[in-house]
Amino acid sequence: MANTRKGQQDILAKLNIHTLNLMQEEAISVIASNTNTILLSPTGTGKTLAFLLPVIQALDPNSNEVQALILVPSRELAIQIEQVIRNMGSGFKVNAVYGGRPMSKDKIKLKHVPAILIGTPGRIADHFANERFAKTHIKTLILDEFDKSLEVGFEYEMRGIINQLTALNKRILTSATQGVEIPEFVRMDPVKTINYLKKKIASKLELKTVVAKKNKSETLLDLILHIGNQPGIIFCNLKDSINKVSAFLAKNKIPHSCFSGGMEQRDRERSLIKFRNGTSQILIATDLAARGIDIPELKFIIHYELPKALEEFTHRNGRTARVDAKGTAYVLKWEKENLPDFIKKSKIEDISKSAPRKSQYWETLFISGGRKDKISKGDIAGLFFKQGNVTRDQLGNIELKQDCAFVAVPLTMANDLIEKLNNTRLKKKKIRVTLT
């Protein structure tokens, strides 16, 4: 199945982007004209688009083989990049493969070979070993968040993958941090480095400290009530801490989702869906959510527990005040606790006043049909308008997956819509509609 190339201006128009930033413009030029490129830029500055645009323009629309391989350290980042490429409407087929789901799903996707393949090292190594597609047509290799994907735990798999890529003529490494030594097997000599980490990018991040005198959970609740109805992440270091905070917020009727490496992949994906569509405005997470997940612009993040190092502190903070937006990072500390040296210029915040807080508005419904059933977002919207009798204002975000979909609807209408739409037909498929 041949691909169709879309020009850069067409892609930007589809994304509703009018101008690229300086980093993106430089990256596009350098990547297009150099064999090996390292792109270093803070979280939220648009690195994904910066490397994808020149990669897509270099693809051959007449080839039916994998031409570009993007290796990532986490499933969430693989899913995020896949979605970005789909949103670009590039004209090229893209698939993401990763651990934590049945191999059979990968095999179905790879029957029609994508031009761009995204994957975690373990899953890509497995597909290489079983020769599920030709490797000799892969000309471009991208290591996104290479500071993670080149860590010791991945080295064996990464070396094995890269050594099999004999036709490479372009390598791109990206990261929001630097200082990681790049192994010789990556073959990045000579290399052109684009470094925006030390350049003064006007940050609109405010750093504030909140002091807990007796009970940290109670102080966290006071802070949430002080902030009001705004989307944000509460960062914890441990899964047990997430469970504790979650139970406390549930007791106090604060809608939220949880996100950690200890959760099943299906549950993690659903947590992010509900966070994206506004069903829950708060995500309680480990550092897994500090990078590589697809979430909207956040107004705040809270360090319920502080990370051990500057690197993760920086990545957490990078979830808010992205690009040109404003955001606040709150550090929650005990009264006599000393903050680490990497936290500077943090002013004490008075949280005695509460902001008006509205009750939960959205709920998320699950639909048992997706792309493979030839169902589109328009089909789902039509079902809710015609048979569900909802208005356009009452239909929230629709997320369409390969075999299912998720729809945000007003909480007050959720059960009624399930009764009306469950076991109805969408296209030719009889669908189930349930609460997520």
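The values are calculated or read from the model by the stated rules, or taken from the named source; none is laboratory data. Computed from a predicted structure; not experimentally measured. All Cβ positions, glycine included, derive from the backbone under ideal geometry; neighbour counts span all protein chains shown.
Take the conditions among the acidic types (Asp, Glu) and without any contact (Cβ under 8 Å) to a residue 24 or more places away in the chain and apply them to residue 206. Does it pass? Criteria not met by residue 206. Here residue 242 clears all of (1) of a type outside the set (S, T, N, Q); (2) surrounded by fewer than 17 Cβ atoms within 10 Å (Cβ to Cβ); (3) more than 30 Å from residue 23 (Cβ to Cβ) except the condition numbered (2). Here residue 123 fulfils each of the conditions (1) assigned to a helix (DSSP H, G or I); (2) touching a strand residue (DSSP E or B) at 6+ places or on another chain (Cβ under 6 Å); (3) outside the structural domain of residue 79 (by TED's automatic domain parsing) apart from (3).
Note on the range 321-343: among residues that are in contact (Cβ under 8 Å) with a residue 60 or more places away in the chain and out of contact with any Lys or Arg (no Cβ under 8 Å at 6 or more places or on another chain), the one that is farthest from residue 234 (Cα to Cα) is 323. Among the residues of this structure, residue 97 does not count as one that is in contact (Cβ under 8 Å) with a residue 12 or more places away in the chain, in contact with a Lys or Arg (Cβ under 9 Å, 6 or more places away or on another chain), over 20 Å from residue 402 (Cα atoms) and surrounded by 15 or more Cβ atoms within 10 Å (Cβ to Cβ).
Look at residue 232 and say whether it is buried (at least 19 other Cβ atoms within 10 Å of the Cβ) and under 22 Å from residue 300 (Cα atoms). Answer is yes for this residue.
State all residues of the range 349-370 that are surrounded by 11 or more Cβ atoms within 10 Å (Cβ to Cβ) and either aliphatic (A, V, I, L, M) or free of Cβ contacts under 8 Å to residues at least 12 places away in the same chain (or both); if no residue qualifies, say none.
Going residue by residue through the range 349-370, those that are surrounded by 11 or more Cβ atoms within 10 Å (Cβ to Cβ) are 349, 351, 354-355, 357, 360-370.
Of everything in the range 349-370, those that are surrounded by 11 or more Cβ atoms within 10 Å (Cβ to Cβ) and either aliphatic (A, V, I, L, M) or free of Cβ contacts under 8 Å to residues at least 12 places away in the same chain (or both) turn out to be 351, 355, 365, 367.
Of the residues contained in the range 310-327, none is found to be buried (at least 20 other Cβ atoms within 10 Å of the Cβ), assigned by TED's automatic domain parsing to the domain that holds residue 263 and modelled with pLDDT of 95 or more. Considering the range 394-424, and only residues there that are at pLDDT 95 or above and of a type in the set (D, E, K, R), the residue that is surrounded by the fewest Cβ atoms within 10 Å (Cβ to Cβ) turns out to be 419. Is there a residue being surrounded by fewer than 17 Cβ atoms within 10 Å (Cβ to Cβ), among the basic types (Lys, Arg), over 24 Å from the mean Cα position of the chain (by Cα) and more than 28 Å from residue 83 (Cβ to Cβ) anywhere in the range 216-223? No: zero hits.
So for the range 12-22 (the condition being crowded, with 16+ Cβ neighbours inside 10 Å and in contact with a helix residue (DSSP H, G or I) (Cβ under 7 Å, 6 or more places away or on another chain)), does at least one residue qualify? First the steps, then the outcome.
We begin by selecting, within the range 12-22, every residue crowded, with 16+ Cβ neighbours inside 10 Å; these are 12, 20-21.
Keeping just the survivors that are in contact with a helix residue (DSSP H, G or I) (Cβ under 7 Å, 6 or more places away or on another chain) gives none.
No, the conditions are met nowhere in the range 12-22.
For the range 371-393, the candidate set comprises residues that are closer than 15 Å to residue 420 by Cβ and either of a type in the set (S, T, N, Q) or assigned by TED's automatic domain parsing to the domain that holds residue 86 (or both); within that set, the residue that is surrounded by the fewest Cβ atoms within 10 Å (Cβ to Cβ) is 391.
Among the residues of the range 159-177, how many are outside any loop (DSSP other than H, G, I, E, B) and out of contact with any helix residue (DSSP H, G or I) (no Cβ under 8 Å at 6 or more places or on another chain)?
Our first condition is that a residue be outside any loop (DSSP other than H, G, I, E, B); within the range 159-177, this holds for 159-163, 170-175.
Right, trim to out of contact with any helix residue (DSSP H, G or I) (no Cβ under 8 Å at 6 or more places or on another chain) and you get none.
Of the residues in the range 159-177, 0 are outside any loop (DSSP other than H, G, I, E, B) and out of contact with any helix residue (DSSP H, G or I) (no Cβ under 8 Å at 6 or more places or on another chain).
Counting only residues that are under 21 Å from residue 148 (Cα atoms), give me the helices (runs of 4 or more DSSP H) lying completely in the range 20-101 with at least 3 of them. Outline the logic, then answer.
Values: elements: 22-33, 47-57, 75-88.
Here the list reads 47-57, 75-88.
Please verify whether the range 92-111 includes one or more residues that are among the β-branched types (Val, Ile, Thr) and farther than 22 Å from residue 48 by Cα. Looking through the range 92-111, at least one residue is among the β-branched types (Val, Ile, Thr) and farther than 22 Å from residue 48 by Cα.
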